[in-house]
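Q: My questions will all concern the structure given below.
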Amino acid sequence: MINTSKRALSLVLAAGIGLTATAALSTETLQDVLKRRNLSQQDLLAAAKTYVPTGKRDEFVTFSSGGQSGQVIVYGVPSMRILKYIGVFTPEPWQGYGYDANSKAVLDQGKIDGKTITWGDTHHPAISETNGEYDGQFLFINDKANPRLAVIDLRDFETKQIVVNPIYKSEHGGAFVTTNTEYVIEAAQYPAPLENKKFYPLEEMNEKYRGGVTYWKFDRKEGRIVPKDSFSFELPPYWQDLSDAGKGPSEGWAFTNSFCAERYVGGIEKGRPPYEAGCSAKDTDYLHVMNWKKAAEVVKAGKAKKINGHNVIPIDVAVKEGLLFLVPEPKSPHGVDVTPDGKYIVVGGKLDTHASVYSFEKIQAAIKAGKFESKDPYGIPVIGMKDALHVQVPLGLGPLHTQYDSKACVAYTSLYVDSQVAKWDYCAGKVLDKLSVHYNIGHLMTMEGDSTKPAGKYLVALNKLAIDRFVPVGPLHPQNHQLIDISNDKMQLLYDMPLPLGEPHYAVSIAASKLKPGVRYKVGTDSRTDKPHPGAVRAGEERTEKKGNKVTVWGTLIRSHITPETIEVDVGDEVTIHLTNLERAQDETHGFTVSTYNVHASIEPGKTVSVKFKADKEGVYPYYCTEFCSALHLEMMGYLLVKPKGWKPTKVGLAKGTYTEADYKATVKKVADTQAIIDSVVAYITSVNYKDFPDVVAMVEDAFDQLGKTKGLKEKHEAFAAKKDWEQANLWAEQIWQYQVKTADLGLRAKTYLEQNGAKKIK
Ligand code: CUK
Ligand code: CUA
């Protein structure tokens with residue numbers, strides 16, 4: 001114990017003196033390194049474009065779907081350094097997601113028919129927009145397997161809400177937002193009856209199976225989707241795929257492509273050709289053109305019907321009200337992407353070699369003139385392809401998704417079969433450049449490439465296969481995100497990043513400067529509801545109560561102890577432990593777990609979290625802090641004692657340690673020496689304009705908080721010393737030193753920060 005303390009102090013002192021690493025000066029030249037590592041000039045150029053020096057930050061932040069992991073992966077561009085995994089549809093232990101009661105409540109919103117689903121197949125993240133530009137406030141992502149959509153607040157990068165689509169059985173085409181995030185768009189993929197749990201045989205596909213597109217109403221102030229104000233279009237069973245909202249001249253409209261407009265039903269087992277043949281037999285499918293603004297009014301006017309309690313606009317109503325039109329699109333298309341100016345809609349043909357560029361103006365002219373080439377079997381007017389097309393551009397094999405550049409008219413389209421990115425001009429209709437990627441690219445993504453103001457600079461190719469790109473790790477390969485420089489006429493491949501968490505179909509990138517996440521919560525916040533947590537307490541208010549078989553603990557965490565340090569319950573008790581992190585300093589997170597009870601919480605500064613479990617096994621269970629938070633982190637623990645029925649104490653008093661007067665005096669001297677260090681740090685901090693640095697202010701507040709806890713302890717240890725109780729005298733003096741060490745630690749951190757960030761002397 002004494003040794004550990006000494007080491008802790010010397011660490012603190014070393015930081016104060018400002019010891020710097022004095023690495024031996026390298027005599028190697030750049031040329032030497034290129035030779036030794038077998039790198040070319042081209043490699044060096046690529047490295048210079050991606051390398052983010054230590055201590056520097058990335059220009060863009062990417063939110064990638066985590067694929068089958070059901071999570072979101074956050075990484076920086078151009079460094080491609082992974083910054084975070086956000087728990088969304090799947091429990092994530094580090095963040096306590098699914099292991100504490102508050103986050104479980106979010107995951108529980110995703111139950112379907114009362115069933116807990118602990119995974120998701122995430123495909124498309126979308127950042128909230130204001131006037132068509134990314135605003136960095138919210139992120140949405142879908143679950144294709146179980147038709148759900150999640151809301152993540154970018155103030156803390158936490159999942160706040162999961163909504164289950166009430167009428168679909170799968171959901172591929174989400175999430176896409178309208179220009180002011182009025183709605184989050186989500187399209188069904190595999191047709192099914194819209195009524196819950198209704199059975200119809202496949203023979204009734206055309207009559208009873210339906211597709212659809214849902215418009216989830218988003219309340220930006222609350223940061224939540226409002227299901228009762230949301231609505232869906234009932235659509236033919238055309239396998240609606242991806243969507244994109246109009247912008248500028250096309251604002252108020254949205255576009256959803258589809259495939260398998262054949263409405264084919266496969267049946268290998270019955271000798272019928274499989275879906276892949278029957279769903280791609282015809283040359284065209286349908287682009288769905290929808291007026292969502294008008295649709296919202298139609299719903300308000302009560303013209304929607306309710307299916308499973310959800311507003312659904314029947315096909316005939318949509319036709320009658322002029323909300324829904326179709327345009328043929330070639331052939332088994334996949335992507336649909338509105339240009340930044342909102343004038344064109346680009347569709348990738350998947351089995352066609354063209355990108356088809358539709359003109360919104362032409363589509364509107366056809367609608368106004370009532371010029372339709374036909375009606376589909378459900379009575380929806382079909383606009384002739386020729387009447388809607390601006391241009392078709394031959395790009396290559398398997399065009400899928402399109403993204404935009406900051407340069408006018410420049411687009412990038414993924415060519416799945418060719419394993420290439422095509423750079424092309426959608427105004428003039430010509431190819432500008434092509435670059436091979438590795439291998440079989442699905443989506444691609446430019447910086448802010450979905451917005452009205454793409455930032456250009458970089459493009460990420462989200463490849464479906466990695467094959468031979470990385471050191472082999474068994475038959476299941478990592479996914480490969482390839483970073484490409486698009487700032488010049490010719491594209492340059494810069495970097496391969498393996499992603500080992502699932503298949504990320506899509507990603508979105510935003511300028512890092514637009515993100516302003518907090519570093520701490522208002523003390524006592526339930527981060528999942530953004531409201532005060534009813535279990536929050538301040539220092540000194542900690543308590544444990546037992547009512548019947550329910551034990552409730554209101555506890556706190558601060559370096560380096562958990563209050564309380566003992567929790568006694570009877571076997572069979574229902575235990576709820578509320579924990580508030582009283583820290584304010586940045587990154588002072590504490591974790592909490594109880595041995596073998598499968599609970600875990602991550603409690604960031606200010607947060608309050610509850611864990612709940614049934615103490616169904618008698619015995620002794622240590623609980624402890626799981627984040628290395630301070631030099632005395634390992635001591636941040638306590639015991640849960642689960643007493644058997646009818647247990648009676650057999651021994652009174654805890655075992656005594658052996659301490660002498662000399663120990664006590666040594667500790668008192670240590671306290672005095674440490675106080676001198678603290679005084680010098682305080683003198684420095686208060687001599688500069690520290691109040692201009694909010695992070696430092698928080699650290700200083702925390703530091704004084706820690707020091708404030710020493711109040712009364714001097715009298716206490718002196719009283720014990722007077723009684724010659726050297727153990728209690730020594731340990732209470734030692735406790736003063738504990739608070740001093742934390743004060744000094746924070747103070748020195750503040751001092752370093754001030755020195756590095758140009759604090760100025762004040763008079
Ligand atoms: S999808 Cu996978 S490559 Cu789900 Cu947008 Cu196109
Ligand atoms: Cu708190 Cu470790």
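The values are calculated or read from the model by the stated rules, or taken from the named source; none is laboratory data. The shown structure was predicted, so the numbers you read here are calculated from the model rather than taken from an experiment. Ideal geometry is used to build each Cβ from the backbone, glycine not excepted, and the neighbour counts take in all protein chains shown. Quick note on the areas: whole protein, heavy atoms, side chains included, nothing else; ligands and nucleic acids left out. Shrake-Rupley method; radii C 1.70, N 1.55, O 1.52, S 1.80 Å.
Q: If I ask for residues that are more than 10 Å from ligand 2 (Cβ to nearest atom), in contact with a strand residue (DSSP E or B) (Cβ under 7 Å, 6 or more places away or on another chain) and not basic (Lys, Arg), which ones from the stretch 619-647 would you list?
A: Gly619, Val620, Tyr621, Pro622, Tyr623, Gly638, Tyr639, Leu640, Leu641, Val642
The rows are residues; the columns are (1) of a type outside the set (Ser, Thr, Tyr); (2) over 15 Å from Ile510 (Cα atoms); (3) open to solvent by less than 30 Å² (accessible area, probe 1.4 Å); (4) within 19 Å of the chain's Cα centre (by Cα).
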site	(1), (2), (3), (4)
Ile127	yes, no, yes, yes
Gly132	yes, no, yes, no
Phe138	yes, no, yes, yes
Asp143	yes, yes, yes, yes
Ala150	yes, yes, yes, yes
Asp153	yes, no, yes, yes
Phe157	yes, no, yes, yes
Ile162	yes, yes, yes, yes
Glu171	yes, yes, yes, no
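Q: Restricting to the stretch 534-577, name every residue that is out of contact with any Phe, Trp or Tyr (no Cβ under 8 Å at 6 or more places or on another chain), open to solvent by less than 20 Å² (accessible area, probe 1.4 Å) and among the small types (Gly, Ala, Ser).
A: Answer for the stretch 534-577, where residues must be out of contact with any Phe, Trp or Tyr (no Cβ under 8 Å at 6 or more places or on another chain), open to solvent by less than 20 Å² (accessible area, probe 1.4 Å) and among the small types (Gly, Ala, Ser): Gly555, Ser560.
Q: Which of the residues spanning the stretch 511-540 are part of a strand (DSSP E or B) and over 25 Å from Lys607 (Cβ atoms)?
A: Of everything in the stretch 511-540, just one residue is part of a strand (DSSP E or B) and over 25 Å from Lys607 (Cβ atoms), namely Ala511.
Q: Moving on to the next point. So, in the stretch 600-618, of the ones that are more than 16 Å from ligand 2 (Cβ to nearest atom) and assigned to a loop (DSSP other than H, G, I, E, B), which residue ends up most open to solvent (accessible area, probe 1.4 Å)?
A: This residue is Glu618.
Q: All but one of (1) within 20 Å of Ala422 (Cα to Cα); (2) in contact with a strand residue (DSSP E or B) (Cβ under 6 Å, 6 or more places away or on another chain); (3) surrounded by fewer than 22 Cβ atoms within 10 Å (Cβ to Cβ) hold for Val338, so report the exception by its number.
A: (3)
Q: Another question, then. From the list Gly309, Gly267, which residue is open to solvent by less than 10 Å² (accessible area, probe 1.4 Å) and more than 22 Å from Gly349 (Cα to Cα)?
A: Checking each option against the conditions leaves just Gly267.
Q: Would you call Ala145 aliphatic (A, V, I, L, M), in contact (Cβ under 8 Å) with a residue 24 or more places away in the chain and more than 19 Å from Lys228 (Cα to Cα)? Spell out how you get there, then give the answer.
A: Working: aliphatic (A, V, I, L, M): yes; in contact (Cβ under 8 Å) with a residue 24 or more places away in the chain: yes; more than 19 Å from Lys228 (Cα to Cα): yes.
It is true that Ala145 is aliphatic (A, V, I, L, M), in contact (Cβ under 8 Å) with a residue 24 or more places away in the chain and more than 19 Å from Lys228 (Cα to Cα).
Q: Could you tell me whether any residue of the stretch 242-253 is of a type in the set (Ser, Thr, Tyr), closer than 28 Å to Thr402 by Cα, modelled with pLDDT under 95 and in contact with a strand residue (DSSP E or B) (Cβ under 7 Å, 6 or more places away or on another chain)?
A: no
Q: With the stretch 230-294 as the region, which strands (runs of 3 or more DSSP E) entirely inside it contain at least 3 residues that are closer than 23 Å to Asp387 by Cα?
A: 240-245, 253-258, 284-291
Q: Hey, among Val317, Val265, which residue is hydrophobic (A, V, I, L, M, F, W, C) and without any contact (Cβ under 8 Å) to a residue 40 or more places away in the chain?
A: The unique qualifying residue is Val317.
Q: Taking the stretch 93-108 only, how many residues are under 30 Å from Glu448 (Cβ atoms) and surrounded by fewer than 20 Cβ atoms within 10 Å (Cβ to Cβ)?
A: Total meeting the criteria: 1.
Q: Further, regarding this structure: Checking Leu30 against (1) free of Cβ contacts under 8 Å to residues at least 24 places away in the same chain; (2) open to solvent by less than 10 Å² (accessible area, probe 1.4 Å), which test does it fail?
A: Just one mismatch for Leu30, condition (2).
Q: Checking the condition assigned to a loop (DSSP other than H, G, I, E, B) and either among the aromatic types (Phe, Trp, Tyr) or within 16 Å of ligand 1 (Cβ to nearest atom) (or both), which residue from Tyr597, Tyr621 passes?
A: Being assigned to a loop (DSSP other than H, G, I, E, B) and either among the aromatic types (Phe, Trp, Tyr) or within 16 Å of ligand 1 (Cβ to nearest atom) (or both) holds for just one of Tyr597, Tyr621, which is Tyr597.
Q: Which residues, counting only those in the stretch 619-642, are of a type in the set (A, V, I, L, M, F, W, C) and either at pLDDT below 95 or open to solvent by 10 Å² or more (accessible area, probe 1.4 Å) (or both)? Before the answer, list the steps.
A: Taking the stretch 619-642 and keeping what is of a type in the set (A, V, I, L, M, F, W, C), we get 620, 625, 628-629, 631-632, 634, 636-637, 640-642.
Residues satisfying the conditions are Val620, Phe628, Cys629, Ala631, Leu632, Leu634, Met637, Leu641.
Q: Has the stretch 696-714 got any residue that is modelled with pLDDT of 90 or more, within 18 Å of Asp663 (Cβ to Cβ), in the same structural domain as Gln675 (by TED's automatic domain parsing) and assigned to a helix (DSSP H, G or I)?
A: Scanning the stretch 696-714 turns up at least one residue that is modelled with pLDDT of 90 or more, within 18 Å of Asp663 (Cβ to Cβ), in the same structural domain as Gln675 (by TED's automatic domain parsing) and assigned to a helix (DSSP H, G or I).
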